[in-house]
Each structure stands twice: as C-alpha cells, then as structure tokens.
Amino acid sequence: MSSLQAVHNIPEICAQLGITDVVLSPGSRCAPLTIAFARHPAIKVRTVPDERAAAFIGLGLAQAQRRAVALVCTSGTAGLNYAPAVAEAYFQQIPLVLFTADRPPEWIDQLDGQTIRQTDLYGAHAKGTFTFPADTGHADAQWHATRIVSEAIGLAEQFPAGPVQVNIPLREPFYPKAGEELQFERVKVTREVPGRPQLPESVLQELRQAIRSNSRVLVVGGQHPANTELLLALRQFAAAYQVPVVGDVIANLHLPAAPDFDQRLRPLGHQDIFMAVPEPGLKEALKPELLITFGQSLISKALKLYLRNVRPAQHWHIQSAGAVADTFQSLTKVVRMEPADFFGACAYPPAPSPQERGSLT
C-alpha cells in the first residue's frame, strides 16, 4: 500500500459524503491531493491557479448547490489567499471544506520555503480546523485520518453551515512511482443525518396566543436562500393573522405568488422608498409591538436603522440552531425552529385531539 494511501482516500470520502465539486490551485506540496482528486471518477475538478479567485468560485458553487464544495491549495501563503472567501462563507453560512497542504510539523518555523503557521489558519472565521496526521503507517492513524475528514465535512454542512479547514502535512515523495496505479479504497465514513427541531404543542399555542394578543405585528426576513416551503408558510401566516411581511432584497421572498393566494399577501418590497416618506408621525404610527425576524443580515440600511430606533416591546428571532445576533437591540426571544416550520405551525394549528374535544363539550 502506498504511504500516501490515506491522502488518496480523501476524494473517496468526499464523494461518499456528497461532495461532487473541487476547485484546485496546483502546487508542489499539494500534488498528492491534486492527483487524487483529478483521478477520482465521481469528482468534478476545476483548476484555478489563483487561490483568491478559486475560493470565490468554490463559494459560488456551494451557494448554488447548497452543499459543501472542496478547495485544495499548496502550502504557505496560498491558504491565506482563501481568507476573504472564507470570511464570506462564515457569515453567509455557506459550507466549504478547505484542504491546505502543509510542511510536516518538524519543519514549521525552520525558515523552510513556503512554510507558515497553518494550524487554525482562519481563526474566528472558520467553524473549525482539523490537522491530518503526518504519518499514517499505523492502522489507528489511518482510522484517525478517515474520521477527521468525515467530521470536517459534517461540521461544514451542519446548520449554521460554514467553512472548515483540514490542514494536511505532507512529506516527499509527492508523486507516484512510474507505473504505480493510484487506488481508491472503499473507506468507512461517518454520515450526518439532518433533523429539524420541533416545539411542544403547548409552547406553540403560547406563541400563537402572543401573536393574536398584539395588535401590531411585523415580520421581517433577512438574507435567506430561496425556499418555496417558507414562502408558502409565510403567506399562510400573513393571511391567518393579517400581518405584513417585509422581505429584504436578499431574502428571496419575492417569487411569483401562487394563483390561489391574495396578491396583497405577497411580502412587501422597496421598503427603502417607503421609509423615505417624510410625513410627520408616520414611522411612529407604524411601530410594531411584536417584531418577528428570520434569516441573516439586512441590506436595507433604512429598515435596519428604523427598527433600531423604534425598539419594539417584543422581538422574536426564528432560527433552528447557532448563535443569534441582536441586530436591532430589541431581542427578547429566540425560537428554535426552521422558519418554514414555525410560520406553518402558527398559521394552521392542529385540530384538537378526541380528548381535547371532549373537554370542550
């Protein structure tokens, strides 16, 4: 078995876990990874010599496909050129797996060429970092190598998704011997099974009652991938409670309305024009008592500043997991559900059980 077999198995792990695309930036130190990805039959390879451009191409692919994309670069400052796209991926919650080739640990800080401190290269702008074993001759090291690649891909795709680095120290020789055939082993992987959190019906009933008890409720959507299920749930929610929904320009809420829905229930757009109306007292009169938000950042500065100034008495943010920002300085509740599930559940409460019906008669 080749001394690089554990490295050659990385594309196979990626393929088994659903990664179909890799963007390579060729170099000497990353040659074993480059060769392995290029020869794997299930991986589509794009070669982009400039790492900064390569990272943004990978970012766009991952955003469009809504699954992880792999990036491969050589050692030294090559990986640092990924940093702008890594930061974008972190804040936009886009899954990237960054395979950064490196010198073996004994050569770090020894003035060897193309050698920097690559461990945790992206700091607070990566979800995590893993270090591939430098020597994989022992069976336990091979198990470790396989395990951390699976864990890295799983971490990148867990909500909230984001970039994860796998740093790979490599020793020479980098290239297969003449006539040596590269093998892909069928390796054991660890798969993540996604789930969607649900709240107890009693809690949902309390939330519905709180919505009904507020005379002025406003829903605001921030940056969010296009989602037909969410769009339908929002329109059902707006119809049930007769509340306005404002969709930021990057919220992807302005898809064509279904023919059986009142067109007046479509999310409001062009809020910057509306917020510029100088009529005295208008903005204060429209102040919401309850603000319900979902998604990420707002492009609309006017809307963001308005919500900061009016300070609604209650502000709920709907997000299934992860840290929640208090963008409008008014956050009072975090509801741990997918936005589509929350708005759907609140719009159409389930019918009472036979026991509940009996207690009402």
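The values are calculated or read from the model by the stated rules, or taken from the named source; none is laboratory data. Nothing here was measured: the structure is a model prediction, and the numbers come from that model. Don't worry about glycine lacking a Cβ; one is built from the backbone with ideal geometry, like all the others, and counts go over all protein chains shown. For accessibility, only protein heavy atoms count, side chains too; no ligands or nucleic acids. Shrake-Rupley method; radii C 1.70, N 1.55, O 1.52, S 1.80 Å.
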| request: Only loop residues by DSSP count here, and only those with at most 15 other Cβ atoms within 10 Å; note down the GluC sites (Glu not before Pro) in the stretch 162-245 that meet that. | output: E180, E181, E185, E192
| Among the listed pairs K127/K177; K44/K188; K127/K301, which are separated by more than 26 Å between their Cα atoms? | K127/K177; K127/K301
| note | Eigenvalues of the alpha-carbon gyration tensor of the stretch 9-115, times 5 and square-rooted, give semi-axes in Å, largest first, of 23, 17, 11
| task | Report C73's accessible area, 1.4 Å probe, all protein chains in place, as a number in Å² to the nearest 10. | result | 0 Å²
| field | Accessible area in the full protein assembly, largest first, 1.4 Å probe, for M337, M275 | value | M275, M337
| message | Which residue fluctuates most in the GNM of the chain (Cα springs below 10 Å): V23, V193, V249? | response | V193
| field | Accessible surface, the stretch 275-322, averaged per residue in Å² (probe 1.4 Å) | value | 47 Å²
| request: Please arrange Y90, Y82, Y306, Y348 by accessible surface area, largest first, computed with a 1.4 Å probe and ligands excluded. | output: Y348, Y90, Y306, Y82
| Å³ per residue enclosed by the Cα convex hull of the stretch 149-297 | 236 Å³
| query | Using the alpha-carbon centroid of each, what span in Å lies between the stretch 184-257 and the stretch 271-291? | reply | 24 Å
| Probe 1.4 Å, all protein chains in place: accessible area of V48 in Å², nearest 10? | 30 Å²
| Kirkwood hydrodynamic radius of the stretch 58-152, Cα pairs, Å | 14.4 Å
| query | How large is Rg/Rh for the chain, to two decimals, with Cα atoms and a Kirkwood Rh? | reply | 1.08
| message | For the chain, what does the helix formula give at 222 nm: sum of -39500 (n - 2.57) over DSSP H segments with n ≥ 4, over the residue count, nearest 500 deg cm²/dmol? | response | -10000 deg cm²/dmol
| said: Run the reach check for K287 against aspartates and glutamates, Cα to Cα strictly under 17 Å, same-chain hits fewer than 8 apart removed. What comes back? | reply: D272, E279
| message | Just to be sure I understand: with springs between alpha-carbon atoms less than 10 Å apart, which residue in V220, V324, V22 has the highest mean-square fluctuation in the Gaussian network model of the chain? | response | V324
| Which whole-number percentage describes the relative contact order of the chain, with Cα contacts under 8 Å and a sequence gap of 6 or more? | 14 percent
| message | Exposed loop sites here are trypsin sites (Lys or Arg not before Pro) in DSSP loop states with at most 16 other C-beta atoms within 10 Å. What is the longest stretch of the chain lacking them? | response | 217-335
| Taking Cα centroids, how far is the stretch 73-119 from the stretch 1-62 in Å? | 15 Å
